[in-house]
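Novice: Quick one: structure below, then a few questions.
The values are calculated or read from the model by the stated rules, or taken from the named source; none is laboratory data. All values reported here derive from a predicted model rather than from experimental measurement. Cβ atoms come from the backbone with ideal geometry, glycine included; neighbour counts cover every protein chain shown.
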Amino acid sequence: MPIDQEKLAKLQALSNKNKVGGSRRKTGHKAAGSSAAVARDDSKLYSAIAKLRGVTIDNVAEANFFNEDGTVMHFNKVGLQIAQDYNTSVVYGIPQTKKLDEMFPQILPQLGAEAFQALAQLEEQMKQFEEKKAQEETEKKVEETD
């Protein structure tokens, strides 16, 4: 069957005029929500730990991670898995960011003897720093009055 070049050219010109541009999009589909993404991330996490032969640790009441800026990531409901052969621990849950001052009464009973010694040393250093600062301020005041 021979192709009529004139008809083909007309059809091509007509189709070029009707193009809107851009790519076609499927309608009726919603974008994946954050809960689907979180579930997908969790399943990836679980499968990665399973490959490392991770063991779930039960009866963990809470976990605290201390940041350098003085805040604490506090996990009230926590899941914990450990892969001892690979020195890997996974803590998962929904953290709350709190100030160290808020967490201090809850943390004190969990500290050992070494931590109390470290706190005593820290307190002594803070007292020395404050005394030194006060002494420098009084020296500045004396110099300003002269």
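Novice: Looking at region 68-95, I want the residues that are within 20 Å of G54 (Cβ to Cβ) and have a partner that is of a type in the set (S, T, Y) and surrounded by 15 or more Cβ atoms within 10 Å (Cβ to Cβ) with Cβ atoms under 6 Å, at least 6 apart or on another chain. Which pairs are those?
Specialist: If the second residue must be of a type in the set (S, T, Y) and surrounded by 15 or more Cβ atoms within 10 Å (Cβ to Cβ), the pairs left are G79/Y92.
Novice: Kindly evaluate A134 against the criterion of being part of a helix (DSSP H, G or I) and within 34 Å of the chain's Cα centre (by Cα).
Specialist: Working: part of a helix (DSSP H, G or I): yes; within 34 Å of the chain's Cα centre (by Cα): no.
Judged against the criteria, A134 is not a match.
Novice: Please go through region 127-146 and pick out each residue that is among the aliphatic types (A, V, I, L, M) and at pLDDT below 85.
Specialist: Once the filter is applied, which keeps residues that are among the aliphatic types (A, V, I, L, M) and at pLDDT below 85, region 127-146 yields only V142.
Conditions tested, residue by residue: (1) farther than 30 Å from E62 by Cα; (2) surrounded by 11 or more Cβ atoms within 10 Å (Cβ to Cβ).
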residue	(1), (2)
K99	no, yes
Q106	no, yes
Q121	no, no
Q128	yes, no
E131	yes, no
T138	yes, no
T145	yes, no
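Novice: Of the residues that make up region 58-78, is at least one over 30 Å from S47 (Cα atoms), of a type in the set (A, V, I, L, M, F, W, C) and loosely packed, with under 10 Cβ neighbours inside 10 Å?
Specialist: Quick first cut of region 58-78, residues over 30 Å from S47 (Cα atoms) only: 68-71.
If we keep only those that are of a type in the set (A, V, I, L, M, F, W, C) as well, we get none.
Among the residues of region 58-78, not one is over 30 Å from S47 (Cα atoms), of a type in the set (A, V, I, L, M, F, W, C) and loosely packed, with under 10 Cβ neighbours inside 10 Å, which makes the answer no.
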